1. I'd like to check something: does region 22-35 contain any residue that is over 15 Å from THR100 (Cα atoms) and modelled with pLDDT under 95?
2. Would you check which residues across region 32-84 are among the small types (Gly, Ala, Ser), more than 21 Å from HIS108 (Cα to Cα) and not in a strand (DSSP E or B) and list them?
3. Applying the selection to region 46-69, what residues are modelled with pLDDT of 95 or more, β-branched (Val, Ile, Thr) and under 11 Å from the mean Cα position of the chain (by Cα)?
4. Take SER12 and tell me if it is open to solvent by less than 70 Å² (accessible area, probe 1.4 Å), at pLDDT below 95 and part of a strand (DSSP E or B).
Amino acid sequence: RTAYIINDGGTSSLELSIDSFTGGTLSFQIQALIKAPFEDIVIYVDGVPTSIIMHAIPTWEMQELEIKGGFHTVQWEHRKNPMDADEKELAVATPNEGITRIDDVAFHPH
């Protein structure tokens, strides 16, 4: 799981390296305890955003990513206040756990 983020504009991330000659499918369970628009999760492959989650996922949900052949880094980044909301907007946001959990990660080569 990601670490708690204390500062506005802060991030916490999880990272996974994959080295596959043929490529394949990366599957994982995700639970995202976020409060949009004050938090989101960005999934990157090799530093390129492939998905942005802007809603809470309170129960575990299976997701998949197609990974091309070669060496790749997958990163799940939980961002706090990505839209740079002002302090008044943040003050009305209900505090929550503000973490992302990833589990049951599996890579299935083609």
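1. no
2. Passing the criteria: ALA36, GLY47, ALA56.
3. THR50
4. Working: open to solvent by less than 70 Å² (accessible area, probe 1.4 Å): yes; at pLDDT below 95: yes; part of a strand (DSSP E or B): yes.
Yes.
The values are calculated or read from the model by the stated rules, or taken from the named source; none is laboratory data. A quick note: this is a predicted structure, and the numbers were derived from the prediction, not measured. Surface accessibility is based on the protein's heavy atoms, side chains included, excluding ligands, DNA and RNA. Shrake-Rupley method; radii C 1.70, N 1.55, O 1.52, S 1.80 Å.
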